[in-house]
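See structure below.
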Amino acid sequence: MGYLDTKASALMRFDGIILAVLALIARAETPLSERIVITGVAILVVLSIACCICVIDVSWRFLGIAVPSPGVRQVDQELQELRKVLYFREGAYRWAWILSGLAMILIFIGGLLLVFSR
């Protein structure tokens, strides 16, 4: 497991804890404003988890290019495919953090709404 895999796995666990807390907070008698915030946070966290899954669950399609032909090496094509996979994983990880950060901001706003509404 690589460095990026470990970081994405940790973020996914954190997001899972946030979802568990949201499930405990959500009740039928919750006011509409709180339900909207909870739903928004849940959507952002689920999207963040989906991005993390894209980082961790990598299909190594470029390995098909690595099959050497007799006397011919395809190093340039291998490196190009490796770069594509690397850039995709980094982008997915960045989006996972952005979505998770937006969820935390929304949690803060929801907390302020909760404090000032009572």
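The values are calculated or read from the model by the stated rules, or taken from the named source; none is laboratory data. Worth saying up front: this structure is predicted, and the values here are computed from it rather than measured. Ideal geometry is used to build each Cβ from the backbone, glycine not excepted, and the neighbour counts take in all protein chains shown.
Exactly one residue out of VAL37, VAL58 is under 21 Å from the mean Cα position of the chain (by Cα), surrounded by 12 or more Cβ atoms within 10 Å (Cβ to Cβ), modelled with pLDDT under 95 and not in a helix (DSSP H, G or I): that is VAL58. Of all the listed residues (ILE98, ILE107), the sole one being modelled with pLDDT of 90 or more, within 15 Å of LEU44 (Cβ to Cβ) and out of contact with any helix residue (DSSP H, G or I) (no Cβ under 6 Å at 6 or more places or on another chain) is ILE98. Does any residue of segment 77-93 turn out to be among the charged types (D, E, K, R) and not in a helix (DSSP H, G or I)? No, every residue in segment 77-93 fails to be among the charged types (D, E, K, R) and not in a helix (DSSP H, G or I).
Screening segment 1-34 for residues that are more than 21 Å from GLY91 (Cα to Cα) and of a type in the set (Ser, Thr, Tyr) and picking the one that is modelled with the highest pLDDT gives SER33.
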